[in-house]
Amino acid sequence: MSKYPIIFLNGTSSSGKTTIARALQRLWHDPMLYASIDSFIFMFADHVLRDDEVRKRALWPLISAFNQSLPHIAETGFPVVIDYVMESRAWLDECLSSLAGYQVYFVGVMCPLDELERREIARGDRQVGFARWQHDRVHRYGPYDLEVDTHTHSPESCAEQLKELLLSKTVPQAFARLRKEKTAGQ
């Protein structure tokens with residue numbers, strides 16, 4: 001079991017998760033791992049990701065593999081920040097299961113839709129429309145242990161909030177609540 005709690009960032013594409021995670025890595029006093037669902041997704045060739053039918057069939061088993069890899073990453077003994085786009089309750093349930101026994105801070109990375117769409121177009125490396133499609137889906141599992149707003153705060157300011165959360169030793173509640181809701185619903 002890792003001695004560090006896990007920071008689990010959840011937000012839409014272009015919300016700033018990667019930039020915050022990289023800023024937190026620079027702020028933290030020890031080496032910190034960055035585990036991104038995108039690093040798994042982009043193992044596929046571009047033509048797979050652009051084809052709606054092929055993408056739907058290909059992503060589910062790959063995302064499941066990422067979800068199941070998370071405890072192995074946490075067991076390295078380094079602090080971990082996870083970058084995720086929680087589009088599905090099934091994905092959440094897999095993460096709740098695979099990270100059972102770990103302290104996980106569930107962090108909502110918030111940004112208004114108009115700004116997400118502006119960033120998505122400016123980036124040029126994402127399919128336009130994903131942020132809009134994801135906007136109302138990814139945050140439906142809250143409340144979070146912490147929410148950061150990337151529209152009103154810099155990535156460094158958001159990373160500082162995460163560092164303070166880790167140092168506070170506050171017991172994370174969101175994943176425990178979500179597990180309890182899942183058990184009650186069965």
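Looking for something closer than 19 Å to N10 by Cβ, surrounded by 15 or more Cβ atoms within 10 Å (Cβ to Cβ), more than 14 Å from the chain's Cα centre (by Cα) and not charged (D, E, K, R) - is there at least one such residue anywhere in the range 120-133? Checked the range 120-133: at least one residue is closer than 19 Å to N10 by Cβ, surrounded by 15 or more Cβ atoms within 10 Å (Cβ to Cβ), more than 14 Å from the chain's Cα centre (by Cα) and not charged (D, E, K, R). Can we say D83 is in contact with a Ser or Thr (Cβ under 7 Å, 6 or more places away or on another chain) and of a type in the set (D, E, K, R)? Judged against the criteria, D83 is a match. Kindly check whether there is at least one residue in the range 87-104 that is without any contact (Cβ under 8 Å) to a residue 24 or more places away in the chain and within 19 Å of C158 (Cα to Cα). Looking through the range 87-104, none of the residues is without any contact (Cβ under 8 Å) to a residue 24 or more places away in the chain and within 19 Å of C158 (Cα to Cα). Inspect the range 162-171 for any residue being acidic (D, E), at pLDDT 95 or above, in a loop (DSSP other than H, G, I, E, B) and under 23 Å from P5 (Cβ atoms) and give the result as yes or no. No. For the range 45-86, enumerate the residues that are farther than 24 Å from R132 by Cα, surrounded by fewer than 18 Cβ atoms within 10 Å (Cβ to Cβ) and touching a residue at least 40 places away in the same chain (Cβ under 8 Å). Of everything in the range 45-86, those that are farther than 24 Å from R132 by Cα, surrounded by fewer than 18 Cβ atoms within 10 Å (Cβ to Cβ) and touching a residue at least 40 places away in the same chain (Cβ under 8 Å) turn out to be I73, E75, T76, G77, F78. Residues that are modelled with pLDDT under 90, over 20 Å from A176 (Cα atoms) and not in a helix (DSSP H, G or I) do not occur anywhere in the range 106-118.
Applying the criterion of being among the polar types (S, T, N, Q) and assigned to a helix (DSSP H, G or I) to the residues of the range 1-52, the residue that is farthest from T150 (Cα to Cα) is S39. Does the range 127-146 contain any residue that is touching a helix residue (DSSP H, G or I) at 6+ places or on another chain (Cβ under 8 Å), within 25 Å of N67 (Cα to Cα) and assigned to a strand (DSSP E or B)? Within the range 127-146 (the criterion being touching a helix residue (DSSP H, G or I) at 6+ places or on another chain (Cβ under 8 Å), within 25 Å of N67 (Cα to Cα) and assigned to a strand (DSSP E or B)), the answer is yes, since at least one residue qualifies.
Taking the numbered list (1) surrounded by fewer than 19 Cβ atoms within 10 Å (Cβ to Cβ); (2) within 30 Å of P31 (Cβ to Cβ) in turn, D114 passes all entries but (2). Taken together, A21, A35 contain a single residue that is of a type outside the set (S, T, N, Q), out of contact with any helix residue (DSSP H, G or I) (no Cβ under 6 Å at 6 or more places or on another chain) and modelled with pLDDT of 95 or more, which is A21. With respect to the conditions (1) of a type in the set (A, V, I, L, M, F, W, C); (2) out of contact with any helix residue (DSSP H, G or I) (no Cβ under 9 Å at 6 or more places or on another chain); (3) farther than 26 Å from K3 by Cβ; (4) in a loop (DSSP other than H, G, I, E, B), F78 falls short on a single one, namely (3).
Pairs meeting the criteria (first residue in the range 128-147 and over 14 Å from V85 (Cα atoms), second residue in a loop (DSSP other than H, G, I, E, B), beta carbons under 7 Å, at least 6 apart or on different chains) are D145/P172; D145/Q173.
The values are calculated or read from the model by the stated rules, or taken from the named source; none is laboratory data. What you see is a predicted model; the values in this text were computed from it and never measured. In this analysis, Cβ positions are derived from the backbone assuming ideal geometry, glycine residues included, and neighbour counts consider all displayed protein chains.
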